[in-house]
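The values are calculated or read from the model by the stated rules, or taken from the named source; none is laboratory data. Owing to the predicted nature of the structure, the values given are computational and were not obtained by experimental measurement. Because the Cβ atoms are built from the backbone with ideal geometry, glycine has one as well, and the counts that use them run over all protein chains shown. Calculation scope for accessible area: heavy atoms of the full protein, side chains included, ligands and nucleic acids excluded. Shrake-Rupley method; radii C 1.70, N 1.55, O 1.52, S 1.80 Å.
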Amino acid sequence: MYMNKKLLIAGLLFLYPFIAPAQNTDYKVVFDLTSKDSMDHKAVIRWLTEVSKANPNAKLEVVMYGQGFNMVTKDRSVVSDAITRLAENKNISFKVCEVSLKNNNVDKSQLLPGIGTVPDGIYEIISRQQQGWGYIKVGH
Amino acid sequence: MYMNKKLLIAGLLFLYPFIAPAQNTDYKVVFDLTSKDSMDHKAVIRWLTEVSKANPNAKLEVVMYGQGFNMVTKDRSVVSDAITRLAENKNISFKVCEVSLKNNNVDKSQLLPGIGTVPDGIYEIISRQQQGWGYIKVGH
Amino acid sequence: MYMNKKLLIAGLLFLYPFIAPAQNTDYKVVFDLTSKDSMDHKAVIRWLTEVSKANPNAKLEVVMYGQGFNMVTKDRSVVSDAITRLAENKNISFKVCEVSLKNNNVDKSQLLPGIGTVPDGIYEIISRQQQGWGYIKVGH
């Protein structure tokens with residue numbers, strides 16, 4: 001009887017990964033933006049707006065490297081009002097790769113309010129992937 | 001002796017995740033299509049055709065949002081015959097984001113036969129990712 | 001007492017996945033390149049150079065299918081010197097899809113030195129994803 005109970009526990013432990021109930025997908029997405037094309041900028045703004053409206057707890061992060069910084073730079077952004085508004089949502093964050101800023105001679109002071117930076121945009125993205133966040137490449 | 005056996009079981013349970021043999025990768029892919037460019041549409045058709053021919057059990061799903069719906073809409077698709085043929089394969093599915101249909105004033109009745117819809121294309125994609133499906137962004 | 005110890009072990013085994021300390025993200029990335037655009041080729045060269053310089057142990061792999069082979073083909077590449085140099089780094093690999101080579105009538109002998117091939121580029125990418133590598137679609 002005692003042995004049976006122990007075997008049962010062992011069996012359950014062994015089987016646990018296979019019988020665990022399906023869970024609802026956490027709504028966590030990292031968006032990868034390298035484009036300077038304003039069509040892509042408008043698309044990501046629309047997705048952030050729609051997803052956050054329908055899922056207020058969704059965690060959304062836009063990581064910009066390559067030419068993506070153009071979306072959040074004061075003199076270049078065509079969506080600056082929307083960016084400023086979205087950046088106030090605590091579940092939405094915008095992070096620009098510091099290497100790409102340096103490569104393009106853009107200073108942090110030129111970024112819109114509420115925009116953060118990361119040392120390495122690619123590392124930020126793959127870290128989110130390893131943490132189980134979904135990944136969406138922005139493009140068209 | 002009894003204790004040893006229990007410790008052995010406990011040890012094996014503990015180590016299992018680290019010693020489990022490498023498994024063949026399941027061929028499950030979600031394709032992310034936001035482009036209206038027919039070059040991208042032809043590319044995804046070619047990949048679906050080739051992968052499903054070489055791997056009849058591969059699970060393939062194309063999720064369309066943004067402008068991707070153009071690939072599976074009656075009056076706009078330049079690959080409608082191929083789409084209709086591929087959609088008959090039970091391991092291949094095409095799912096259009098209902099938000100993007102609404103945003104573009106496209107009714108479900110305008111979709112090619114066999115095309116499904118999902119309430120939220122991005123959520124569909126990240127759900128597949130969390131289920132262990134591979135992710136491929138269609139683009140060129 | 002004995003039972004308590006067994007329960008403790010069982011409990012720890014059960015809890016292990018939830019209490020394991022956060023680990024640093026391994027820097028392993030598979031880059032998905034389907035573009036023949038030299039701007040994309042220059043971008044991926046820049047990322048490989050910067051990431052490998054800052055993280056000498058990072059594992060980086062570029063998988064080319066679609067039109068991506070143009071980056072590593074003798075007569076077409078505009079970044080051939082950089083490719084040859086990067087390919088000598090044991091932590092960086094370049095793999096071209098054999099199906100795309102065949103579809104475009106490109107022979108392996110036309111590839112730059114150090115460039116490998118894989119039977120199926122998409123399968124290579126999703127295998128890396130399942131092995132926990134980060135995924136980056138190259139595009140702009």
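For segment A:33-87, a simple Cβ point-charge model (Lys and Arg +1, Asp and Glu -1, everything else neutral) yields a dipole of about 100 debye relative to the Cα centre. The accessible-area ordering, largest first, of the residues B:SER35, B:SER52 stands as B:SER52, B:SER35, per a 1.4 angstrom probe. As a length-normalised measure over Cα pairs under 8 Å and 6 or more apart, the relative contact order of segment B:33-126 settles at 30 percent. With a 10 Å cut-off around each Cβ of A:46-58, the average count of Cβ atoms from other chains is 2. So how much accessible area does B:GLU88 have, in Å² to the nearest 10, using a 1.4 Å probe? The accessible area of B:GLU88 comes to roughly 150 Å². In nanometers and ordered shortest first, the copy-to-copy spacing of the A:GLN131 label point, defined 7 Å from Cα toward Cβ, is 2.5, 2.5.
Shown are C:LYS36, C:LYS59, A:LYS90, whose ranking by accessible area with a 1.4 Å probe and every protein chain present, most to least, is A:LYS90, C:LYS36, C:LYS59. Copy-to-copy label distances for C:LYS74, where each label lies 7 Å from Cα along Cα-to-Cβ, are 5.4, 5.4 nm in order of increasing length. Annotation: amide H-H contacts under 5 Å for B:VAL96 (H modelled 1.01 Å from N, sequence separation of 5 or more, or interchain): B:MET64, B:GLY116, B:THR117, B:VAL118. Using heavy atoms of the protein chains and a probe of 1.4 Å, the accessible area assigned to C:CYS97 is about 10 Å².
Separation of the alpha carbons by more than 26 angstrom is noted, of A:LYS59/C:LYS95; C:LYS36/C:LYS59; A:LYS74/A:LYS102; C:LYS108/C:LYS137, for A:LYS59/C:LYS95. In this simple spin-label model, placing a label point 7 Å from the Cα along the Cα-to-Cβ direction at both A:ASN91 and A:THR25 gives a separation of 1.6 nm. Simple spin-label model, 7 Å along Cα-to-Cβ: B:GLU50 to A:GLN130 in nm? In this crude label model, B:GLU50 to A:GLN130 measures out at 3.1 nm. Accessible surface of C:GLU124, taken over heavy atoms with a 1.4 Å probe and every protein chain present, rounds to 30 Å². In nanometres and ascending order, the distances from the C:GLN110 label point to those of the other copies are 4.1, 4.1 (point 7 Å from Cα along Cα→Cβ).
In terms of accessible area, using a 1.4 Å probe and ignoring ligands and nucleic acids, B:ARG128, C:ARG76 rank largest first as C:ARG76, B:ARG128. On association of chains C and B, roughly 2000 Å² of accessible area becomes buried (total for both chains; probe 1.4 Å).
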